[in-house]
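Visitor: I'd like to ask you about the structure that follows.
Every number here is computed from the coordinates shown, using simple stated rules; none is lab data. Just so it is clear, the model here is predicted, and its values are computed rather than measured. All Cβ positions, glycine included, derive from the backbone under ideal geometry; neighbour counts span all protein chains shown.
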Amino acid sequence: MLRKAATTIVLPLTCLACLVACSSAEVPVNEPGASIAETKLSISESCDLIDDLAVEHNVEEERALADIALMAKNTQPMIDFLATSILIFDEVASRASDDNMRSALYAQVRNYQLIKEVVEDHSSDDPSLSIAVQDVKTRLNLDAMPYIQESCPGSIVNPSSDSP
């Protein structure tokens, strides 16, 4: 009987103590997809991450193969290249601290997604593909990539410029 009384008193008090401890703990709130230990990147660090991920994913080679494949009316390598570009820019955008850079990266992700959808929706020998690509160009954010290129001189996104 004493054991039952002790359990009825101690168990709720223990639960209450746990609830109080948990509710007073400070838990950092991050953007979706960001890890708790992840720090935000400066513009320069964002550009460096773009370059690192581009090398890791062989983007230059993938782009060259996509261009050659398009001439042979094979769109799959272009779809793969766009998917890789989306992955890279989305990753960097999720970690960028600069609002303008983050916005430009996400805008470019949307641009790549629009183009990728058009290419996926048409067969490689479909004559309407070029018309669809021209149509989607009217919906692209044309300021995104120039902003990224200007912010990342000497980067893979702007290789012809000199590094600062």
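Visitor: Examine segment 61-79 for a residue that is under 14 Å from ILE148 (Cα atoms) and either touching a strand residue (DSSP E or B) at 6+ places or on another chain (Cβ under 6 Å) or among the acidic types (Asp, Glu) (or both), and state whether such a residue exists.
Guide: No: segment 61-79 contains no residue that is under 14 Å from ILE148 (Cα atoms) and either touching a strand residue (DSSP E or B) at 6+ places or on another chain (Cβ under 6 Å) or among the acidic types (Asp, Glu) (or both).
Visitor: What tally of residues in segment 130-143 results from selecting those that are of a type outside the set (Lys, Arg) and part of a helix (DSSP H, G or I)?
Guide: 7
Visitor: Give just the number: which of (1) over 24 Å from ALA69 (Cα atoms); (2) of a type outside the set (Lys, Arg); (3) out of contact with any strand residue (DSSP E or B) (no Cβ under 7 Å at 6 or more places or on another chain) does ALA96 not satisfy?
Guide: The single condition ALA96 does not satisfy is (3).
Visitor: In this structure, is ALA107 among the hydrophobic types (A, V, I, L, M, F, W, C) and closer than 15 Å to ILE148 by Cα?
Guide: yes
Visitor: Evaluate segment 142-159: report whether one residue or more is more than 24 Å from ALA96 (Cα to Cα), loosely packed, with under 15 Cβ neighbours inside 10 Å and either in contact (Cβ under 8 Å) with a residue 60 or more places away in the chain or charged (D, E, K, R) (or both).
Guide: Within segment 142-159, not a single residue is more than 24 Å from ALA96 (Cα to Cα), loosely packed, with under 15 Cβ neighbours inside 10 Å and either in contact (Cβ under 8 Å) with a residue 60 or more places away in the chain or charged (D, E, K, R) (or both).
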